[in-house]
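For reference, the structure discussed in these notes is given below.
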Amino acid sequence: MNEPHLADPPDMASPPQDDAVVIERSWDEPERFGAVFDAHHAEIHRYVSRRLGAHAADDVSAETFALAFRQRRRYDMSRRSARPWLYGIATNLISRHRRDEVRLLRAVDRLHPEADPARGHEDEVTAKVSAQAVKGTLARAIAALPADQRDVLLLVALAELSYDEVAQALDVPSGTVSSRLNRARKKLRKALGGSNALLDEEETHR
(Lines give C-alpha, C1' and ligand atoms only; values in the text may rest on other atoms or scores of the structure.)
Protein backbone atom coordinates (compact mmCIF):
# COMPACT_ATOMS: atom_id res chain seq x y z
CA MET A 1 0.00 0.00 0.00
CA ASN A 2 1.39 3.34 -1.00
CA GLU A 3 2.34 5.79 1.68
CA PRO A 4 -0.05 8.74 1.85
CA HIS A 5 1.38 11.99 0.51
CA LEU A 6 2.40 14.26 3.33
CA ALA A 7 2.02 18.00 2.99
CA ASP A 8 5.09 20.17 3.23
CA PRO A 9 5.91 21.37 6.74
CA PRO A 10 4.20 24.68 7.44
CA ASP A 11 7.50 26.49 7.95
CA MET A 12 8.94 25.42 4.59
CA ALA A 13 9.64 28.39 2.31
CA SER A 14 7.24 28.82 -0.60
CA PRO A 15 8.71 28.46 -4.09
CA PRO A 16 9.42 31.76 -5.83
CA GLN A 17 6.62 33.19 -7.90
CA ASP A 18 6.84 32.43 -11.62
CA ASP A 19 6.21 35.92 -12.98
CA ALA A 20 5.99 34.73 -16.57
CA VAL A 21 3.03 32.51 -15.73
CA VAL A 22 1.30 35.30 -13.83
CA ILE A 23 1.87 37.81 -16.61
CA GLU A 24 0.59 35.44 -19.29
CA ARG A 25 -2.56 34.75 -17.27
CA SER A 26 -3.03 38.50 -16.84
CA TRP A 27 -3.51 38.85 -20.58
CA ASP A 28 -7.06 37.56 -20.16
CA GLU A 29 -7.42 38.23 -16.44
CA PRO A 30 -5.86 41.68 -15.89
CA GLU A 31 -6.41 41.58 -12.15
CA ARG A 32 -3.76 38.83 -11.87
CA PHE A 33 -1.07 41.42 -12.62
CA GLY A 34 -1.58 42.62 -9.07
CA ALA A 35 0.55 39.68 -7.94
CA VAL A 36 3.52 41.11 -9.85
CA PHE A 37 2.95 44.47 -8.19
CA ASP A 38 2.73 42.88 -4.74
CA ALA A 39 5.90 40.84 -5.29
CA HIS A 40 8.14 43.64 -6.59
CA HIS A 41 6.74 47.08 -5.80
CA ALA A 42 8.56 47.55 -2.48
CA GLU A 43 12.03 46.98 -3.92
CA ILE A 44 11.39 49.04 -7.06
CA HIS A 45 10.10 51.89 -4.88
CA ARG A 46 13.21 51.60 -2.66
CA TYR A 47 15.52 51.67 -5.70
CA VAL A 48 13.88 54.78 -7.13
CA SER A 49 13.91 56.47 -3.74
CA ARG A 50 17.62 55.84 -3.31
CA ARG A 51 18.36 57.32 -6.74
CA LEU A 52 15.94 60.26 -6.90
CA GLY A 53 14.85 60.80 -3.31
CA ALA A 54 11.59 59.97 -1.56
CA HIS A 55 9.69 62.81 -3.20
CA ALA A 56 9.87 61.14 -6.64
CA ALA A 57 9.64 57.51 -5.59
CA ASP A 58 5.85 57.22 -5.40
CA ASP A 59 5.23 58.65 -8.85
CA VAL A 60 8.07 56.92 -10.66
CA SER A 61 7.45 53.50 -9.12
CA ALA A 62 3.71 53.77 -9.83
CA GLU A 63 4.46 54.73 -13.44
CA THR A 64 6.83 51.77 -13.69
CA PHE A 65 4.07 49.29 -12.93
CA ALA A 66 1.49 51.14 -15.01
CA LEU A 67 3.81 50.95 -18.00
CA ALA A 68 4.66 47.32 -17.26
CA PHE A 69 0.95 46.49 -17.21
CA ARG A 70 0.41 48.16 -20.57
CA GLN A 71 3.41 46.32 -22.05
CA ARG A 72 2.72 42.94 -20.45
CA ARG A 73 1.91 41.21 -23.75
CA ARG A 74 5.45 42.00 -24.92
CA TYR A 75 7.06 40.36 -21.90
CA ASP A 76 9.65 37.66 -22.70
CA MET A 77 8.02 34.51 -21.38
CA SER A 78 11.35 32.71 -21.19
CA ARG A 79 12.23 34.85 -18.15
CA ARG A 80 10.62 33.54 -14.98
CA SER A 81 11.43 36.60 -12.89
CA ALA A 82 10.17 40.04 -13.89
CA ARG A 83 12.70 41.85 -11.68
CA PRO A 84 15.19 42.78 -14.45
CA TRP A 85 12.33 43.88 -16.72
CA LEU A 86 10.84 46.10 -14.01
CA TYR A 87 14.22 47.55 -13.08
CA GLY A 88 14.79 48.32 -16.75
CA ILE A 89 11.50 50.21 -16.98
CA ALA A 90 12.26 52.08 -13.77
CA THR A 91 15.75 52.99 -14.98
CA ASN A 92 14.34 54.33 -18.25
CA LEU A 93 11.89 56.48 -16.29
CA ILE A 94 14.68 57.66 -13.99
CA SER A 95 16.50 58.87 -17.11
CA ARG A 96 13.89 61.61 -17.37
CA HIS A 97 15.08 62.86 -13.99
CA ARG A 98 18.86 62.83 -14.62
CA ARG A 99 19.23 66.43 -13.52
CA ASP A 100 17.35 65.73 -10.29
CA GLU A 101 19.58 62.74 -9.52
CA VAL A 102 22.80 64.64 -10.18
CA ARG A 103 21.51 67.63 -8.21
CA LEU A 104 20.73 65.35 -5.25
CA LEU A 105 24.16 63.72 -5.32
CA ARG A 106 25.88 67.10 -5.52
CA ALA A 107 23.77 68.35 -2.63
CA VAL A 108 24.97 65.38 -0.56
CA ASP A 109 28.54 66.32 -1.46
CA ARG A 110 27.99 69.91 -0.33
CA LEU A 111 26.39 68.79 2.92
CA HIS A 112 29.24 66.38 3.71
CA PRO A 113 32.35 67.90 2.11
CA GLU A 114 34.72 66.50 4.73
CA ALA A 115 33.24 62.99 4.84
CA ASP A 116 35.79 60.25 4.52
CA PRO A 117 35.51 58.41 1.18
CA ALA A 118 33.86 55.02 1.48
CA ARG A 119 36.50 52.38 2.10
CA GLY A 120 36.77 48.74 3.06
CA HIS A 121 35.26 45.54 1.81
CA GLU A 122 33.32 45.83 -1.45
CA ASP A 123 30.11 44.47 0.09
CA GLU A 124 30.20 47.17 2.75
CA VAL A 125 30.89 49.93 0.23
CA THR A 126 28.24 48.69 -2.19
CA ALA A 127 25.65 48.70 0.57
CA LYS A 128 26.28 52.42 1.08
CA VAL A 129 25.98 53.54 -2.54
CA SER A 130 22.70 55.43 -2.67
CA ALA A 131 21.60 59.03 -2.98
CA GLN A 132 20.78 59.05 0.74
CA ALA A 133 23.80 57.16 2.07
CA VAL A 134 26.88 58.13 0.08
CA LYS A 135 28.92 61.01 1.43
CA GLY A 136 31.16 63.72 0.07
CA THR A 137 33.69 62.64 -2.51
CA LEU A 138 31.88 59.41 -3.41
CA ALA A 139 28.62 61.25 -4.09
CA ARG A 140 30.41 63.76 -6.31
CA ALA A 141 32.21 60.96 -8.18
CA ILE A 142 28.98 59.07 -8.86
CA ALA A 143 27.29 62.29 -10.03
CA ALA A 144 30.15 62.83 -12.51
CA LEU A 145 29.76 59.41 -14.16
CA PRO A 146 28.18 59.20 -17.61
CA ALA A 147 24.53 58.18 -17.32
CA ASP A 148 25.03 54.73 -18.86
CA GLN A 149 27.85 53.90 -16.44
CA ARG A 150 25.91 55.22 -13.45
CA ASP A 151 22.90 53.09 -14.42
CA VAL A 152 24.98 49.91 -14.54
CA LEU A 153 26.81 50.73 -11.32
CA LEU A 154 23.63 51.41 -9.36
CA LEU A 155 21.72 48.43 -10.77
CA VAL A 156 24.54 46.26 -9.44
CA ALA A 157 25.10 48.17 -6.20
CA LEU A 158 21.54 49.06 -5.23
CA ALA A 159 19.36 46.46 -6.96
CA GLU A 160 21.98 43.71 -6.57
CA LEU A 161 21.31 42.46 -10.09
CA SER A 162 23.75 40.08 -11.74
CA TYR A 163 25.53 41.13 -14.93
CA ASP A 164 23.08 39.04 -16.96
CA GLU A 165 20.11 40.64 -15.20
CA VAL A 166 21.50 44.13 -15.81
CA ALA A 167 21.94 43.20 -19.47
CA GLN A 168 18.28 42.16 -19.58
CA ALA A 169 17.17 45.32 -17.81
CA LEU A 170 19.05 47.65 -20.14
CA ASP A 171 18.73 45.49 -23.27
CA VAL A 172 22.49 45.45 -23.88
CA PRO A 173 25.03 42.61 -24.15
CA SER A 174 26.57 41.27 -20.94
CA GLY A 175 29.97 42.35 -22.20
CA THR A 176 28.73 45.93 -22.40
CA VAL A 177 27.58 45.73 -18.79
CA SER A 178 31.00 44.47 -17.70
CA SER A 179 32.92 47.16 -19.59
CA ARG A 180 30.67 49.99 -18.34
CA LEU A 181 30.96 48.76 -14.77
CA ASN A 182 34.72 48.45 -14.96
CA ARG A 183 35.03 51.98 -16.36
CA ALA A 184 32.76 53.34 -13.64
CA ARG A 185 34.74 51.61 -10.88
CA LYS A 186 38.06 52.86 -12.23
CA LYS A 187 36.73 56.42 -12.31
CA LEU A 188 35.48 56.11 -8.74
CA ARG A 189 38.78 54.67 -7.58
CA LYS A 190 40.65 57.57 -9.18
CA ALA A 191 38.25 60.13 -7.70
CA LEU A 192 38.68 58.58 -4.26
CA GLY A 193 42.45 58.74 -4.41
CA GLY A 194 42.97 55.06 -5.11
CA SER A 195 40.74 53.70 -2.34
CA ASN A 196 39.08 50.38 -3.10
CA ALA A 197 35.69 51.73 -4.18
CA LEU A 198 33.31 49.22 -5.73
CA LEU A 199 36.11 47.18 -7.24
CA ASP A 200 35.31 43.65 -8.24
CA GLU A 201 37.58 40.81 -7.22
CA GLU A 202 39.20 40.58 -10.64
CA GLU A 203 40.29 44.21 -10.54
CA THR A 204 41.61 44.01 -7.01
CA HIS A 205 43.82 41.05 -7.85
CA ARG A 206 45.21 42.32 -11.17
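Assorted remarks:
- Among residues of the stretch 114-164 being surrounded by fewer than 17 Cβ atoms within 10 Å (Cβ to Cβ) and at positive phi, the one that is modelled with the lowest pLDDT is Gly120.
- Positions within the stretch 166-178 being open to solvent by 50 Å² or more (accessible area, probe 1.4 Å) and either touching a Cys at 6+ places or on another chain (Cβ under 7 Å) or closer than 19 Å to Ser95 by Cα (or both), in sequence order: Gln168, Asp171
- Residues that are in a loop (DSSP other than H, G, I, E, B) and either open to solvent by 10 Å² or more (accessible area, probe 1.4 Å) or more than 16 Å from Asp19 (Cα to Cα) (or both) within the stretch 81-95 comprise just one, Ser81.
- Just one residue in the set Ser26, Ser61 is at pLDDT 95 or above, more than 21 Å from the chain's Cα centre (by Cα) and of a type in the set (Ser, Thr, Tyr); that residue is Ser26.
- Of all residue pairs spaced 6 or more apart or on separate chains, those with beta-carbon atoms under 9 Å, a first member in the stretch 48-63 that is surrounded by 15 or more Cβ atoms within 10 Å (Cβ to Cβ) and of a type in the set (Asp, Glu) and a second member that is assigned to a helix (DSSP H, G or I) and at pLDDT 90 or above are Glu63/Ile89; Glu63/Ala90; Glu63/Leu93.
- Residue match in the stretch 73-80 (condition: without any contact (Cβ under 8 Å) to a residue 40 or more places away in the chain, out of contact with any strand residue (DSSP E or B) (no Cβ under 7 Å at 6 or more places or on another chain), farther than 19 Å from Ala157 by Cβ and assigned to a helix (DSSP H, G or I)): yes
The values are calculated or read from the model by the stated rules, or taken from the named source; none is laboratory data. Values in this document were obtained by computation on a predicted structure and should not be read as measured data. Note that we place each Cβ from the backbone using ideal geometry, even for glycine, and neighbour counts take in every protein chain shown. For the accessible areas, the whole protein counts, side chains as well, though only heavy atoms, and no ligand, DNA or RNA atoms are used. Shrake-Rupley method; radii C 1.70, N 1.55, O 1.52, S 1.80 Å.
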